[in-house]
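Report on the following structure.
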Amino acid sequence: MGKLIVNGLSAGAVKVNSEEKNRPHGRQRFQPLNIERGIEFLLKLSAATAILAIILITIFIFARGIPLIFKTGLIDFIFNLKWSPTHGSYGIAAMLVGSLVVTLSSLIWAVPLGISGAIFMAEIAPPRIGNMLGRMVELLAGIPSVVFGFFGLIVIVPFIRTHLGGNGMSVLAGAIILGIMILPTIISISRDSILSVPAEYKEGSLALGATHMQSIKGVILPAARSGIITAIILGMGRAIGETMAVVMVTGNSTMIPGSILSPVRTMTSNIVLEMGYASGDHQAALFATGAVLFIFIVILNLVVNISIKAGKNYAN
Amino acid sequence: MSQLKLKSENIKVFYKDFQALYDVNMDIEENRVTALIGPSGCGKSTFLRTINRLNELIEGTRTEGQIYLDERPIYEKDRDVVELRKKVGMVFQKPSVFPMSIYENVAYGPRIHGIKDRNRLSEIVERSLKAANLWNEISDRLNSPAARLSGGQQQRLVIARVLAVEPEVILMDEPASALDPISTSRLEDLIAELKKNYTIVIVTHNMQQAARISDYTGFFLNGQLVEFSCTDELFVNPRDKRTEDYITGRFG
C-alpha cells in the first residue's frame, strides 16, 4: 500500500482507493486520495503565487507608466531627445539609444570571446581542465554586480581616462564591465549546448576524414546553434537589464553618446538614479521607462523561443 | 581467392589498465563481406574501430600491433589519419545523420575534402544516394531536414554520406540493430550490392544476419579472435568448441 502511494500518480491512487472499498475486509490505515489532493493543491498554489506576482508587477508597471505615455504621446516619449523632468519634458530617446549602444558594444567583444571559450572548454581542453574552467566561470556569475561596478570604477575608468582620454566614465567602460558580466552566461550555456551534441555527430564527421576543427565548424557548432543563440540572447537580456555596475561606470549624462568615450545613460540607470526623489509625472515617466524595458525583454524572450524551435526542426 | 585488402597483425588494444583485444590476426579480402560476431563486450567493435583509428578519440586508449591497408601500415607515425579515414568509411549503430538537410549530409564529406563546385557536388550527391538505394524515395525533398527520414532511410543516408567520399573499405558497426525487419532486409540487399565495389567489415549481434550476408566470419570472445574462416564453414563446421557453443545459442 505504502509503495503504491510513492509511485502514485493521482489516477493510480484513485484506482487503488476504489479497489480498497470493494474489498470487504480491507482496512484503511490512511487515505491516499486526500494526501494526493493536498500535495497537488500546494503545488498549484505555489505556481499560482509565482505567476500572480509577475502578473501584478506587470500590471502595476503599465498602469503607472501608460498614462504618461498617453499624455506626452508615444512618439514623443520614445523619440524626444530631451529628458528634463523639471521642465516637464520626458523623452527617453537618449536612454533608449544608450541602452542599445552599451549592450551591443558589450556583445561585440563578449560574444566571440565567450563562444570561443566555450568551444575550447567543451572540445579542445582535456575534459578535466574543461570542467574546472567551466566551474570557475560559473563562479564568476555569482559575483554581485556592485563588485563589478566597483572594479570598473577603480580600475577601468581611470585606465580609460589616462590612456584614451575623456573622463573615463564612458560607453567603453560600460561595455567592458557588462561584457565581463555576461561572459559567464554566454560561456556556460554555449558550453552546455556544445557538450550535449551527440557524440555520434562528431564521430560521424571524423570517420569521414574531417579534422577536429572541420568537425567543430561543420557539425558540432551547427548542432549546438540553437543553444548558442539562446546563450547570446540571455546574455543580451542580462546586459540590457543590468543597472548597478552600469550606473557606476558610464557617467549617466542624458545625451546620445558621440563616441565610445562619451558618457551615456541607460534606461535602467535612468530609473535607479531618479526614483529616489521622483513624484507625479516624473515618477510615471520612470515607470514608463520600465515598461519600455519590459517590452524589450519580452521581445528577446520571444526570439529565444523561436530560435530554439527552429533548431529543433533539424535535430533528431 | 580474391586480393588481400586488410591484414591485422597481433593487434592489442588497452583502455587504461584493461586489455580489450589480445593479438588479433585477421586477413580481410577485397570485395568481400567480413562479419564479426560475438557477445557484447567481446571486442568486436573495438577491433572494427582500430581499422580507421577511431579508438584514438577515447582518452587512455593504446593500440599495439599493426594493420596493413593495401600492404601499407596504418599505425605509423607519419600516417595521415584524414587520408586513412577517407579510404575507410564507417557506419554506426545509431543512424548519425547530421542536423542539416539531406543534401548537406551527403555533400559534407566531399566538401571537407575540398570539392566546392556546385554541379560536381550535386552529381556526387545524386550518385551516392542512388548507390545507397535512397534516391528514388527522397529525390524530391533533398533540402528537407535529414532527421525527418525514417530510421532505415537515415541509415541508408549515412551510407550515402560514406560513399560520397569514395572509400575503399566500409566498416559497419551493428548498422541494423536499431532498424525494423523490413529496413533491415533492405539494408542487407544494399550490402550485397555494395560488395561489388567495396570491401565491407560488419559487426553484428545477429548470427542469422552474419550467415546471410557475409563471406567470412570472425568469432570474438573476451577480446580474442577465437575462430576466423569462411562463413559457411564457421556456421556449419566450427572448429572451436566455444564457437560451437555460441552459434548453437548455449551462451551470449
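Distance from the Cα centroid of region B:211-231 to that of region A:206-284 is 60 Å (rounded to whole angstrom). Here the spin labels are modelled as points 7 Å beyond Cα on the Cα-Cβ line, and at B:Leu4 and B:Val81 they lie 2.7 nm apart.
Pop out the carbon and sulfur fraction of the accessible area of region A:83-314 as a percent, whole number, probe 1.4 Å.
Working: 7170 of 10040 Å².
Answer for region A:83-314: carbon and sulfur cover 71 percent of the accessible area.
At full extension, B:Ser229 and B:Glu193 could sit 10.8 nm farther apart than now, given 0.36 nm per residue minus the alpha carbon distance. The distance between label points at A:Met275 and B:Glu71 comes to 8.2 nm (points 7 Å beyond Cα on the Cα→Cβ vector).
Between the beta carbons of A:Ala310 and A:Arg161, assuming R0 = 45 Å, the FRET efficiency works out to 0.50 to the nearest 0.05. Each Cα pair under 8 Å and six or more residues apart adds its separation to the average, and for region A:83-314 the resulting relative contact order is 29 percent.
Per-residue Cβ counts within 10 Å, from other chains only, averaged over B:89-99: what number is that? If you can, show how the numbers build up before the last one.
Working: counts 3, 5, 2, 5, 1, 5, 3, 11, 5, 11, 15.
Going residue by residue through B:89-99 and averaging, the value is 6.
Normalising the average separation of contacting C-alpha pairs (under 8 angstrom, six or more residues apart) by the number of residues puts the relative contact order of region B:1-125 at 23 percent. What is the log10 of I(q)/I(0) for chain B, computed with the Debye formula using one identical point scatterer on each Cα and no solvent, at q = 0.11 Å⁻¹? After summing over all Cα pairs, the log10 values are -0.59.
Scanning residues 5 or more positions from B:Gly218 or on other chains, those with amide H under 5 Å from its amide H are B:Ala35, B:Leu36, B:Ile37, with H placed 1.01 Å from N in the peptide plane.
Peptide A:196-203 is shielded by partner chain Cβ atoms: per residue, an average of 4 of them sit within 10 Å of its Cβ.
Considering only DSSP beta bridges with both partners in the protein assembly as shown, what is the antiparallel share in %, to the nearest 5? Kindly include the intermediate steps, with their values, before the conclusion.
On the way: 27 of 46 bridges.
DSSP beta bridges in the protein assembly as shown are roughly 60 percent antiparallel.
Among beta bridges from DSSP that stay inside chain B, the antiparallel ones total about 60%.
Using a/c under 1.5 as the rounded threshold, could you call chain A rounded, prolate or oblate? The axes a ≥ b ≥ c are square roots of the C-alpha gyration tensor eigenvalues, and prolate needs a/b larger than b/c, oblate otherwise.
Because a/c hits 1.5 or more and a/b fails to exceed b/c, chain A counts as oblate.
A simple spin-label model places pseudo-atoms 7 Å from Cα toward Cβ; at A:Arg135 and A:Leu43 they are separated by 3.3 nm. All alpha carbon pair distances within the protein assembly as shown were sorted into 20 Å bins beginning at 0; the resulting P(r) in whole percents reads 17, 34, 29, 18, 2, 0. Based on Cα contacts under 8 Å between residues 6+ apart, chain B shows a relative contact order of 27 percent. Using a 1.4 Å probe over protein heavy atoms, the accessible area lost on pairing B with A, summed over both chains, comes to approximately 2100 Å².
Loop only by DSSP, 11 or fewer other Cβ within 10 Å of the Cβ. Give me the trypsin sites (Lys or Arg not before Pro) in region B:32-109 that pass, ordered by residue number.
Numbers: sites: B:Arg32, B:Lys44, B:Arg49, B:Arg53, B:Arg62, B:Lys77, B:Arg79, B:Arg85, B:Lys86, B:Lys87; in loops: B:Arg32, B:Arg53, B:Lys77, B:Arg79.
In loop regions of region B:32-109 (DSSP not H, G, I, E or B), the sparsely surrounded trypsin sites (Lys or Arg not before Pro) are B:Lys77.
Each residue of region A:225-242 was assigned a 3J(HN,Hα) from its phi angle through the Karplus expression (A = 6.51, B = -1.76, C = 1.60, θ = phi - 60°), giving 4, 5, x, 5, 5, 4, 4, 5, 6, 5, x, 5, x, 5, 5, 5, x, 4 Hz with x at Gly and Pro.
Once you sort the root eigenvalues of the Cα gyration tensor of region B:74-176 as a ≥ b ≥ c, which label holds: rounded (a/c under 1.5), prolate (a/b larger than b/c) or oblate (the other case)? In terms of gyration-tensor shape, oblate.
Rounded, prolate or oblate for region B:1-89? Axes are the square roots of the Cα gyration tensor eigenvalues, ordered a ≥ b ≥ c, and the cut-off for rounded is a/c under 1.5.
Oblate, because a/c is 1.5 or more while a/b does not exceed b/c.
Between helix B:102-112 and chain B there is an angle of about 70 degrees, using the helix long axis and the longest principal axis of the Cα atoms.
Residue by residue, region A:87-104 carries 3J(HN,Hα) couplings of 9, x, 10, 10, x, 9, 3, 4, 6, 4, 4, x, 4, 5, 5, 5, 5, 5 Hz when phi is fed to the Karplus relation 6.51 cos²θ - 1.76 cosθ + 1.60 (θ = phi - 60°); x denotes Gly or Pro. Its residue count N sets the reference 2.2 N^0.38 Å, and the alpha-carbon radius of gyration of region A:237-310 equals 1.29 times that reference.
Give the calculated FRET efficiency between A:Leu52 and A:Ser116 to the nearest 0.05, with a Förster radius of 41 Å applied to their Cβ-Cβ distance. Present the calculation step by step, with values, prior to reporting the outcome.
Details: r = 42 Å, r/R0 = 1.03.
Efficiency, from the Cβ-Cβ distance: 0.45.
The alpha carbon centroids of region A:103-125 and region A:135-192 are separated by 15 Å.
The values are calculated or read from the model by the stated rules, or taken from the named source; none is laboratory data. Everything quoted here is computed from the prediction, not taken from an experiment. Heads up, the Cβs are rebuilt from the backbone with ideal geometry, glycines too, and the neighbour counts pull from every protein chain shown. The protein model used for the area step is the full one, side chains on, heavy atoms only, and it has no ligands, DNA or RNA in it. Shrake-Rupley method; radii C 1.70, N 1.55, O 1.52, S 1.80 Å.
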